[in-house]
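> Here it is, the structure, as structure tokens.
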Amino acid sequence: MKPQIIVCGLGRTGYKIFRLLRRQGAAVVGISDRLILGETSENVVVGELCSPSTLAKAGIHHAHTLVLASNNDAINLGTLTQARILNPKIRIINRLFNHTLGERLDQTLPHHHTMSVAALAAPIFSFAALGNKAIGQLQLFNQIWPIEDVVIDENHPWLGLNLGELWECPSRMLIYYLPAHGELDLVSAVLQEKTLQLGDHLIIGTRLSSRSQRRFWGQKFVKAIANLRRYQRYVNPVIAVTLCLLGMIFAATFTYVAVNYNTSLVDALYFSVGMITGAGGQEQVAEKAPASIKVFTAIMMIVGAGVIGVCYALLNDFILGSRLKQFWDVARVPTKHHYIVCGLGGIGIQIVRQLQKQGHEVVVIESDANNRFLHTARSLRVPIILEDARVNDTLKTANLQKATAIIVVTSNDMINVEIGLTAKAIAPQINITLRSQDPQFGQSVQEVFEFETVLCPSELATPSFAAAALGGKILGNGMTEDLLWVALATLITPKHSFSGQTVKEAAMKGGFVPLYLERNPLTIHSWELLETQLQPGDILYLTMPANELEQLWRIPFKEAEGRRQEAGGKIFS
């Protein structure tokens, strides 16, 4: 059988995408730069990833989708160019770290979709910190909705609740329903007014409420004053040298006045400042003085030159260097109910954006003063503490004891665990979310040290890559056991298999769950959605198992692709 999907780059993330696609029944072939134990040459082609001969051997000429899963942007770009030469119409899912490059490629190349592990995983980390046990996400109404897995037990508040009440709630999207006894699809259960019983299984998407983050300058100033003791160590050297300089000036002034009462206080002060700083002025104050005062003056000149040099250096470093930024950043650290993000990498900056978008206050702790995302974080007006988060004082400076949660997402698992343990020692009640590159290690760490959540970014992102490879632009996804669920939008055309049917008829026959319908200028949802007859031009948003996506386009692939372009990119499935 000719391959429909090729996964190029079977590293940690690529191999997970490959296996997940195979579990969903897709015709998939992998390309790896090394042998993989347990895989045959029919399933995995071994060779140079961007080599034309390797791509040809994998069946690039006949494939309809290529997933570039290497963690090297240069390799992915090189493979992209070779693949498009061999098969100009192939659809490409490209994993890129360079977000700007990805946007340019999406705008330039047809059928090219950029995806990022960081962008896909970051919302799940944010949801975990907010207290949601999310298994995935939905992109609906210009907002990300967490997908949660709910099992009805004897203490659950929904036990005995009519499914129709959940269906009509505008802040909740029902995605999947598995009754404890028998088989019944969600739409049929809603229409039959089934009540939730013990052991029933639900997957739901929940709209997150945004908090107002409006702050007045007066409040910011009060907060800065309250945090004075927190950033005192940042200005101590400057204050100490400045006080030393002022002390020398006052001592010299007092000495000259005491020796010669005819010298006015102003003249003595003027001469002392000029003498210590090297500017000169009122030299007659010392010219007629005794020899001992002249020796004193010479010593003050030498010592003063050193103190002035140190003072200028510290002020220059404080104002023109990073000290003033650190001073102001620590001054703006919230006093309570904020979120601390440790590690400002690709995932960290996405988490900061996500939390800020929802109206939460965020503090960043980063040890690398040359981090490439520092400017981005400061442009978002986020306080940044440039210190090692493994140190107690650093976490206390970030007001860990009063924070809502701490999210530790550096690229080093050992550092993450150490930060987590340090945070737990300082504030045992704090919600701790950790990043782990190895899912097995993460699970053991979570169980042994009792962290609230330990997540692996590649595990979180894999379903999205697999779902995108299976069909069009995916708006969200989730996993329940081994079944991959995807959320997508499909444009209803005259020849679409759903055209002319009511939404409830199409849903019960097709095994999908409708979310809402766009019919310019209306948005139709809840009970009205089920009775709506689908017409050409409608855009139906739905969720369904990834392995059943083929039923959405029962026409040849090339014809479907042509219709996608004609629709101006609105056919997502």
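The values are calculated or read from the model by the stated rules, or taken from the named source; none is laboratory data. Please read these numbers as outputs of a predicted model, since none were measured by experiment. A quick note on method: Cβ atoms are made from the backbone with ideal geometry, for glycine too, and the neighbour counts reach across all protein chains shown. Areas reflect the complete protein model, heavy atoms only, side chains present, ligands, DNA and RNA absent. Shrake-Rupley method; radii C 1.70, N 1.55, O 1.52, S 1.80 Å.
> Would you work out what percent of the accessible area of segment 1-93, with all protein chains in place, is carbon or sulfur (probe 1.4 Å)? Display every interim value, and only then the final one.
Values: 2280 of 4220 Å².
Carbon-and-sulfur percentage of accessible area, whole number: 54.
> Out of the GluC sites (Glu not before Pro) in segment 85-164, which ones are loop residues according to DSSP with at most 12 other C-beta atoms within 10 Å? Walk me through the numbers before you get to the answer.
Numbers: sites: Glu103, Glu148, Glu154; in loops: Glu154.
Listed in order of number, the matching sites are Glu154.
> Continuing with the same structure: Given H placed 1.01 Å from N in the peptide plane, which residues other than close sequence neighbours of Ala487 have an amide H under 5 Å from its amide H?
Leu475, Gly476, Asn477
> Something else: Would you mind getting the accessible area per residue of segment 153-211, heavy atoms of the protein chains only, 1.4 Å probe, in Å²? Spell out each step's value before the answer.
Details: 3110 Å² over 59 residues.
Computed with neighbouring chains in place, this is 53 Å² per residue.
> A further question follows. Taking θ as phi - 60°, what are the ³J(HN,Hα) couplings along segment 167-179 by the Karplus curve (6.51, -1.76, 1.60), each to the nearest whole Hz, with x for Gly and Pro?
Per-residue couplings from phi come out as 5, 8, 6, x, 8, 9, 10, 7, 10, 8, 9, 10, x Hz.
> Using the Karplus curve 6.51 cos²θ - 1.76 cosθ + 1.60 with θ = phi - 60°, what ³J(HN,Hα) values do you get for each residue of segment 402-413, in whole Hz, with x for Gly and Pro?
9, 6, 7, 7, 10, 10, 9, 9, 6, 7, 10, 4
> Within the set of other residues whose C-beta is less than 12 Å from the C-beta of Pro146, count the net charge using Lys and Arg as +1 and Asp and Glu as -1.
On the way: positive: Lys133, Arg172, Arg207; negative: Glu148, Asp149.
In short, +1.
> I'd like the carbon and sulfur percentage of the solvent accessible area for segment 140-186, probe radius 1.4 Å, heavy atoms only, ligands and nucleic acids excluded. If you can, show how the numbers build up before the last one.
Details: 1150 of 2430 Å².
The C+S portion of the solvent-accessible surface of segment 140-186 is 47 percent.
> Here's another thing I want to ask about it. Kindly rank 525-535, 10-20, 83-93 from highest to lowest mean number of other beta carbons found within 10 Å of each residue.
Top of the packing list down: 10-20, 83-93, 525-535.
> Now for a separate question. Taking H placed 1.01 Å from N in the peptide plane, check which residues at least 5 places from Leu515 or on another chain put their amide H under 5 Å from its amide H.
Residues meeting the criterion, in which the H sits 1.01 Å from N, are Tyr541, Leu542, Thr543.
> Right, something else. Per residue, how many Å² of accessible area does segment 9-92 show with a 1.4 Å probe?
Numbers: 3790 Å² over 84 residues.
Normalised by residue count, the accessible surface of segment 9-92 is 45 Å².
> Taking the solvent-accessible surface of protein heavy atoms with a 1.4 Å probe, what is the per residue accessible area of segment 304-457 in Å²?
Working: 6690 Å² over 154 residues.
Counting only protein heavy atoms, the per-residue value for segment 304-457 is 43 Å².
> As an exercise, use a Förster radius of 30 Å and the Cβ-Cβ distance of Asn236 and Asn316 to find the FRET efficiency, rounded to the nearest 0.05.
Values: r = 17 Å, r/R0 = 0.56.
Computed FRET efficiency for Asn236 and Asn316 comes out at 0.95.
> Now for a separate question. Could you pull out the pairs from Lys89/Lys504; Lys89/Lys357; Lys194/Lys509; Lys89/Lys495; Lys336/Lys424; Lys194/Lys504 whose alpha carbons sit more than 26 Å apart here?
Numbers: Lys89/Lys504 36 Å; Lys89/Lys357 37 Å; Lys194/Lys509 19 Å; Lys89/Lys495 23 Å; Lys336/Lys424 17 Å; Lys194/Lys504 16 Å.
Flagged as over cut-off: Lys89/Lys504; Lys89/Lys357.
> Leaving ligands, DNA and RNA out of it, report the carbon-plus-sulfur percent of the accessible area of segment 383-517 at a 1.4 Å probe. Could you put the intermediate results ahead of the total?
On the way: 2400 of 4880 Å².
About 49 percent, which is the carbon plus sulfur part of the accessible surface.
> So what are the ³J(HN,Hα) numbers for segment 384-390, from phi and the Karplus equation (6.51, -1.76, 1.60; θ = phi - 60°), rounded to whole Hz, Gly and Pro as x?
My calculation for segment 384-390 gives 10, 9, 8, 9, 7, 6, 6 Hz in order.
> Can you give the local net charge around Thr410? Use residues other than it whose beta-carbon is closer than 14 angstrom to its beta-carbon, Lys and Arg +1, Asp and Glu -1. Write down the numbers at each step before the final one.
Numbers: positive: Arg390, Arg435; negative: Glu366, Asp368, Glu387, Asp388, Asp413, Glu418.
Every neighbour counted, the sum reads -4.
> Could I get the Rg over Rh figure for segment 1-107? Both from C-alpha atoms, Rh via Kirkwood, rounded to two places.
On the way: Rg = 12.7 Å, Rh = 13.6 Å.
Dividing the radius of gyration by the Kirkwood radius yields 0.94.
> Can you list the residues, at least 5 places off or on another chain, whose amide H is less than 5 Å from the amide H of Val362, using H built in the peptide plane?
Here Tyr339 satisfy the definition.
> Related question: Using packing as a proxy for protection, rank 404-417, 184-197, 453-466 so that the peptide with the highest average count of other Cβ atoms within 10 Å comes first.
Values: 404-417: 20.6, 184-197: 17.1, 453-466: 24.2.
Result, highest mean Cβ count within 10 Å first: 453-466, 404-417, 184-197.
> Could you work out the local net charge near Gly345, counting Lys and Arg as +1, Asp and Glu as -1, over the other residues with Cβ closer than 14 Å to its Cβ? Before the final figure, lay out the partial values.
On the way: positive: Arg353, Arg372, Arg435; negative: Glu366, Asp368, Asp413.
Net charge around Gly345: 0.
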